[in-house]
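Report on one structure; see the data block that follows.
The values are calculated or read from the model by the stated rules, or taken from the named source; none is laboratory data. Since the model is a prediction, treat every value here as computed from it, not as a measurement. Glycine also receives a Cβ, built like all others from the backbone with ideal geometry; neighbour counts cover every protein chain displayed. Ligands, DNA and RNA are excluded from the accessible area calculation, which covers all protein heavy atoms including side chains. Shrake-Rupley method; radii C 1.70, N 1.55, O 1.52, S 1.80 Å.
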Amino acid sequence: NHVSATGNATGVQLRSALGKIGARAALEGSANGTFELATSGATAKQMKRGLAGNVVLDVRNGALVGIDLNDIVGSAAGFLQSRSRQTGVFDERRRTEFTQLTGSARIKDGVAFNDDLKAQTKTLVLTGSGRMDLAADEIDYTLRTQVAAVPAGSPNALRSLTGVTIPVRISGQPDHLGYS
């Protein structure tokens, strides 16, 4: 089997679209993008491993589902001072809302690589890079969070981190992601 597709998409509601194909949506919002994908293989696993191409996304008014980066960054001052590490698992009840998220992925041999993610929340600027092995269902990704704006009434701990970059590593299988 050999399959290839090229095109663009406008106004795709990510949570709904991913749910229809049985995938867990860790990202929601209205997405526009382009894609150029090709694969071949006799089985679904071979087709995942053979996937190659490029994807570009621009997501508006959405959220990272499962992680509250504002909460994590807000408690980071204590962890940074004690030189310890904060860890946890994704929880569907937690969210990081953003106004815009952009990025692209290069896919080769079933592994998607991204090094240009950018996102903006009300208080944070995010950049990110990492990889997702589609055949092995494994993610290894680092978000670099930086406090950009602190609304009046925000905790002093958050205010003290203005301009400091705090890396948040996300790893694991899509159905059981963890962070540190």
(request) Determine the share of the chain's accessible area contributed by carbon and sulfur atoms, expressed in whole percent, with a 1.4 angstrom probe. (result) 53
(request) State to the nearest 20 debye the size of the charge dipole of the chain about its Cα centre, where the only charges are +1 on K and R beta carbons and -1 on D and E beta carbons. (result) 180
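How much accessible area per residue does the chain have, in Å², with a 1.4 Å probe?
Using a 1.4 Å probe on heavy atoms only, each residue of the chain averages 56 Å².
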(request) Considering only lysines 8 or more places apart in sequence, or on different chains, count the pairs in the chain whose C-alpha atoms sit under 28 Å apart. (result) 8
(message) As I understand it, the dipole of the chain uses +1 on the Cβ of Lys and Arg and -1 on the Cβ of Asp and Glu, about the Cα centre. Which of Val125, Ala44, Ala112 lies farthest toward its positive end?
(response) Val125
(message) Just want the answer: with Cβ charges of +1 for Lys and Arg and -1 for Asp and Glu, which residue in Phe98, Thr34, Val12 is farthest toward the dipole's positive end in the chain?
(response) Phe98
(request) Over every pair of different alpha-carbon atoms in the stretch 44-139, take the mean of 1/r and invert it; report that Kirkwood radius in Å. (result) 15.2
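Taking Cα pairs under 8 Å and at least six residues apart, what relative contact order does the chain come out at, in percent? Before the final figure, lay out the partial values.
On the way: 433 pairs, mean separation 30.5, N = 180.
Reported as a whole number, the value is 17 percent.
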(message) Helix-only mean residue ellipticity at 222 nm, the chain, DSSP H runs n ≥ 4 weighted -39,500 (n - 2.57), per residue, nearest 500. What is it?
(response) -4000 deg cm²/dmol
(message) Checking a compactness column here: for the stretch 87-145, what do you get for Rg(Cα) / (2.2 N^0.38 Å), N being the number of residues?
(response) 1.23
